[in-house]
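In what follows, a structure is listed as structure tokens, so that the remarks can point back to it.
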Amino acid sequence: MQTDTPKTELQKAFEESGLKYHELAKRVGISKSYCYKIINWNLRVYYDVAVNISKVLGKETTILFKEQEKKFKQ
């Protein structure tokens with residue numbers, strides 16, 4: 001089932017990486033469920049976790065998490 005909601009930069013980068021949730025979670029040092037929630041629910045995330053996710057995915061932190069940043073400023 002697909003939704004009409006556009007994908008976030010984080011979701012796009014995750015899909016492009018070819019990693020599974022448990023693989024990314026292990027590399028970042030977080031649980032699989034927390035990883036899933038960060039990617040799919042725009043969950044608030046600690047800066048160091050965001051940086052680690054960005055490093056693993058090979059993208060800039062500010063680009064991957066810009067949607068979350070907008071949400072926090074409201």
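Over segment 9-72, the pair-distance histogram of Cα-Cα distances with 10 Å bins from zero comes to 23, 66, 11 percent, rounded to whole numbers. All other residues whose Cβ lies under 12 angstrom from that of E16 are scored, Lys and Arg at +1 and Asp and Glu at -1, for a net of +1. The value of relative contact order for the chain, using C-alpha pairs under 8 Å at least six residues apart, is 34 percent.
Approximating the spin labels as points 7 Å out from Cα along Cα→Cβ, the K32-to-D4 distance works out to 3.3 nm. In plain terms, the residue of Y34, Y46, Y21 with the fewest other Cβ atoms within 10 Å comes first and the most crowded comes last, giving Y46, Y34, Y21. Backbone geometry of segment 13-24 corresponds, through the Karplus equation with coefficients 6.51, -1.76 and 1.60 at θ = phi - 60°, to 3J(HN,Hα) couplings of 5, 5, 4, 5, 5, x, 7, 8, 4, 5, 6, 5 Hz, x marking Gly and Pro. Per-residue ellipticity at 222 nm computed for the chain from its helices equals -18000 deg cm²/dmol, with DSSP H segments shorter than 4 residues left out and the rest contributing -39,500 (n - 2.57).
Exposed loop sites here are trypsin sites (Lys or Arg not before Pro) assigned a DSSP state other than H, G, I, E or B and surrounded by at most 15 other beta carbons within 10 Å; excluding them, the longest clear run of the chain is 45-72. Would any residue of segment 28-66 have its amide N under 15 Å from a label point 7 Å out along Cα→Cβ of K20? List them or say none. Within reach of a label on K20, which here means backbone N under 15 Å from a point 7 Å along Cα→Cβ, segment 28-66 contributes 32-33, 36.
No lab work stands behind these numbers, since they all come straight from the coordinates. The structure presented is a predicted model; accordingly, all values stated were derived computationally and were not measured. Glycine also receives a Cβ, built like all others from the backbone with ideal geometry; neighbour counts cover every protein chain displayed.
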